[in-house]
Structures are given as structure tokens and as C-alpha cells.
1. What translational D, rounded to a whole number of µm²/s, comes out for the chain from Stokes-Einstein when the hydrodynamic radius is the Kirkwood one over Cα pairs, at 10 °C and 1.306 mPa s?
2. Please list 89-101, 40-52, 66-78, 8-20 highest first by mean number of surrounding beta-carbon atoms within 10 Å per residue.
3. Please turn the phi angles of the stretch 31-48 into ³J(HN,Hα) values with the Karplus equation 6.51 cos²θ - 1.76 cosθ + 1.60 (θ = phi - 60°), one per residue in order, whole Hz, x for glycine and proline.
4. Based only on Cα atoms, what mean projected area does the convex hull of the stretch 26-85 have, in nm²?
Amino acid sequence: MASTKVHVKKGDLVMVIKGKDAGKKGKVLRVIPKEGRVVVEGVNIVKKHTRPTPKMPQGGIIEKEAPMSSSKVMLFCTKCNRPTRIGKRFLADGKKVRYCKKCGEVID
């Protein structure tokens, strides 16, 4: 599978727009561009059965975030307080930045 372009970066605040966790907000913990997936903090929680290890002698069932498709999340603008699409523009000093398409606020 070829690498796909993902519209969010690690550390971005995003809102889930589809699926069982629709409406939840969280920070992007990991981006997997090869698969077009992201891992969002506190979203898409799955139960994983683990066997005892020296690190975790008890073993048992742990809950962790699973990767989800990047098309199910939208960047959340803190200024206009809603999910938004992003655009890219060049500043006067020639630096390329992302901005909110709804309010025009520079994101990074």
C-alpha cells in the first residue's frame, strides 16, 4: 500500500466525526501515514488480553487506544470552537502554515 497524505499531525486537537465515538475530542498521539490512520487519546478504546510478563506479572485485560482512519477525524479550532477544514498559506517571511478555513486563524 502506498503512503497517503494525512491532514493532521501528532499533537493536534481533533474531533471524531464518524463512528461509535462521534463528537469526542482528543489529542493525536500517533500518525501512521502508510495506512492513513491516526491514534487519538481516549478514543476508539479496545480491550487487549495480555499474558503475564516480567513487566506485568498479573497479566489480564488492558484497555488501549486503537488506530482509526484519518478520514473520521477533523481538526478542532480552539478559536472558533468547532471542527474545521484546514488550508495552507505562506506568511510574509516565506514560512508555510496551516490555517482554519472558517475563521482564518493560523494553527501552527
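Laboratory data are not the source of any read-out in this text; all were calculated from the coordinates shown. It should be emphasised that the depicted structure is a prediction, and the values quoted were computed from it without experimental measurement. Positions of Cβ are backbone-derived with ideal geometry, glycine not excepted, and every protein chain shown enters the neighbour counts.
1. 102
2. The most tightly packed comes first, giving 66-78, 8-20, 40-52, 89-101.
3. Along the stretch 31-48, the couplings run 10, 10, x, 4, 9, x, 10, 9, 10, 10, 4, x, 10, 6, 6, 10, 9, 10 Hz.
4. 5.6
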